2 protein chains.
Amino acid sequence: MSGSTGRPGTPAPIASLHNPRVLAAVRLRDRRRRDETGLTIVDGAREVSRAVGAGVAVEEVFVCPSRLTSDEARSALEALVRAGVRPWQVTPAVLDKVAFGERSEGLVAVVRIPDTSLDRLERLGLPPEPLIGVVESVEKPGNLGAILRSADGAGLDALIAAEPRTDLFNPNVIRASLGTVFTVRLAAASTAATLAWLRARQVRIVAARPDARHLASETDLRGSVALVLGSESEGLSEAWDAPDVVPVRLPMLGVADSLNVAAAAAVLFYEARRQRGMPTA
Amino acid sequence: MSGSTGRPGTPAPIASLHNPRVLAAVRLRDRRRRDETGLTIVDGAREVSRAVGAGVAVEEVFVCPSRLTSDEARSALEALVRAGVRPWQVTPAVLDKVAFGERSEGLVAVVRIPDTSLDRLERLGLPPEPLIGVVESVEKPGNLGAILRSADGAGLDALIAAEPRTDLFNPNVIRASLGTVFTVRLAAASTAATLAWLRARQVRIVAARPDARHLASETDLRGSVALVLGSESEGLSEAWDAPDVVPVRLPMLGVADSLNVAAAAAVLFYEARRQRGMPTA
């Protein structure tokens, strides 16, 4: 039986689709199981590398050596091994069972879901004049993933999901974000807690609204600023209809009255970046 | 049998899931069937309204009166009737069968796929200094839909899908675009034909590339300009690596080296809109 442990260096990889570790990993596709265990599943070389680079606790790694064809996947594995993780070798059939999404790059990890409290943002430390993104009631994992990539690219200091309608570490968010869900400073909170937190820190609150008078590009987005976007189906909740919330809009020159929420977030984040200039090291 | 024709005003709606018109509509979810017939299926009130408003030929409409709850859906139906279309009344079960996607608003149409040749762009007429978007090898219907919404919002004069890897009137593109796929001047062509067309019209070609020296916000995007984006997986094909193609980049300040393609398109389209000012009527 020693040949079936699946540890590298031992002759036989895990070949059984009913192996308890494999089954436990597969069950993490289920949100309830992720909530119960505090674990999620990460598929893809870049995604795993970024989780490891961000110091996320890796619980299990499944590797299929014959599928590990890219340099990126091999360096992800090396980073894991350096971080003290002992991967399980698996057969292609077992990898296919644990892999999530279309493209598979030979390794899948089970990781501990990071803390997403507003307190943690504080502990991580924010610059004196932070640029913060807020997305309310975001629902589609693909949109949240794209928003995280834009937050990463535009150099946001934090992203807050207010009343999210998807769990932030849903495997589809992880994939769609290309792993930036682990590297962007990310919090989830109620809208009330988000507003209170921004106000306590005297962050200027700028909210995208189709009926705003001023264009975002005509509004000063420098200094300590939060850029807030509502959901596509319902817009922003009433809590944002407050005298200290500055409404801005994007030009809408065609027949539709709104952009895809991830597109609107990208435009706003990058408009703020343009106005603020590149960060100084 | 006269009670089963499904025409409004007659007592009985189409109730059979095997009704040949219903089956023909359902088959349009299949790309091959769309290619064979030149027809596609449009679900949703806004989507149908925008198709009708754009003068798209409507072949069939299925309406379930008890599901037609929104004002938007009722006005879409009125617009259809004004346009001379005679809708088929269907039962909720039949509507569920023809409806595409999660949300259903009580009506589904079968429409003729518009011509997407570059010649048609010409015939539709472009302003003397057009702003044109080009997306190469776009693959995901959700991304193409979001790009169409951004093209609509930013007031692009045309969008060209070069070597698209999805059919432009895929029902998922129609939904994700909220029907703007019918209202944006849209063409599909090979990369070679697209380049030749742009060059013949002396349109300045500006391509997003991660390795470009200059930021898009530092580059003049006024005048006659095409903004070109490559696919996420492969970037731009070699044809765009030409002396008359101006490379630009967006700031990438985090760990990732690219944005989601629809996010990048939105940022570029709106940066051009900002520089160009609002269009004069």
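Brief remarks follow.
- Residue count for segment A:1-20, restricted to those that are in a helix (DSSP H, G or I) and modelled with pLDDT under 95: 3
- Any hit, segment A:202-220, residues being in contact (Cβ under 8 Å) with a residue 40 or more places away in the chain, within 14 Å of chain B (Cβ to nearest Cβ) and polar (S, T, N, Q): yes
- Picking from residues in segment B:243-256 that are touching a residue at least 12 places away in the same chain (Cβ under 8 Å) and more than 9 Å from every other protein chain (Cβ to nearest Cβ), the one that is surrounded by the fewest Cβ atoms within 10 Å (Cβ to Cβ) is B:Asp244.
- Of the residues making up segment B:141-158, those that are more than 7 Å from chain A (Cβ to nearest Cβ), outside any helix (DSSP H, G or I) and surrounded by fewer than 24 Cβ atoms within 10 Å (Cβ to Cβ) are B:Asp157, B:Ala158.
One line per residue, one yes/no per condition, for (1) within 23 Å of A:Gly142 (Cα to Cα); (2) of a type outside the set (Lys, Arg); (3) assigned by TED's automatic domain parsing to the domain that holds A:Ala162:
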| position | (1), (2), (3) |
| --- | --- |
| A:Arg204 | no, no, yes |
| A:Arg209 | yes, no, yes |
| A:Ala216 | no, yes, yes |
| A:Ser233 | yes, yes, yes |
| A:Pro243 | no, yes, yes |
| A:Val248 | no, yes, yes |
| A:Leu253 | no, yes, yes |
| A:Ser258 | yes, yes, yes |
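- Only one of the numbered conditions (1) within 11 Å of another protein chain (Cβ to nearest Cβ); (2) out of contact with any Lys or Arg (no Cβ under 7 Å at 6 or more places or on another chain) is violated by B:Thr183, and that is (2).
- Test: A:Gly133 is within 14 Å of another protein chain (Cβ to nearest Cβ) and either of a type in the set (A, V, I, L, M, F, W, C) or in a helix (DSSP H, G or I) (or both): no
- No other residue among B:Arg213, B:Arg201 is surrounded by fewer than 20 Cβ atoms within 10 Å (Cβ to Cβ), under 21 Å from B:Arg273 (Cα atoms) and basic (Lys, Arg) apart from B:Arg201.
- Criterion: among the charged types (D, E, K, R), farther than 15 Å from B:Ala15 by Cα and more than 23 Å from the chain's Cα centre (by Cα) - qualifying residue of B:Asp43, B:Asp96, B:Asp71: B:Asp71
- Residues that are surrounded by fewer than 20 Cβ atoms within 10 Å (Cβ to Cβ) and touching a Lys or Arg at 6+ places or on another chain (Cβ under 7 Å) within segment B:40-59 comprise B:Ala57, B:Glu59, listed in sequence order.
Listed here are the residues, each with its yes/no results for (1) touching a residue at least 40 places away in the same chain (Cβ under 8 Å); (2) buried (at least 22 other Cβ atoms within 10 Å of the Cβ); (3) within 14 Å of chain A (Cβ to nearest Cβ).
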position	(1), (2), (3)
B:Ile160	yes, yes, no
B:Leu168	yes, yes, no
B:Ile174	yes, yes, yes
B:Trp197	yes, no, no
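- Of the residues making up segment A:257-269, those that are buried (at least 21 other Cβ atoms within 10 Å of the Cβ) and either in contact with a strand residue (DSSP E or B) (Cβ under 7 Å, 6 or more places away or on another chain) or more than 7 Å from every other protein chain (Cβ to nearest Cβ) (or both) number 5.
- Hey, A:Ala272 more than 7 Å from chain B (Cβ to nearest Cβ) and surrounded by fewer than 19 Cβ atoms within 10 Å (Cβ to Cβ) or not: no
- The listed residue being among the β-branched types (Val, Ile, Thr) and more than 20 Å from A:Leu148 (Cα to Cα), out of A:Val184, A:Val261, A:Val225, A:Val203: A:Val203
- Candidates B:Ala79, B:Ala93, filtered to the one that is free of Cβ contacts under 8 Å to residues at least 40 places away in the same chain and under 22 Å from B:Arg21 (Cβ atoms): B:Ala79
- Test: A:Arg112 is basic (Lys, Arg), touching a residue at least 12 places away in the same chain (Cβ under 8 Å) and either surrounded by 23 or more Cβ atoms within 10 Å (Cβ to Cβ) or more than 14 Å from chain B (Cβ to nearest Cβ) (or both): yes
The values are calculated or read from the model by the stated rules, or taken from the named source; none is laboratory data. Note that the structure is a prediction, hence the values are computed from the model and not measured. Glycine also receives a Cβ, built like all others from the backbone with ideal geometry; neighbour counts cover every protein chain displayed.
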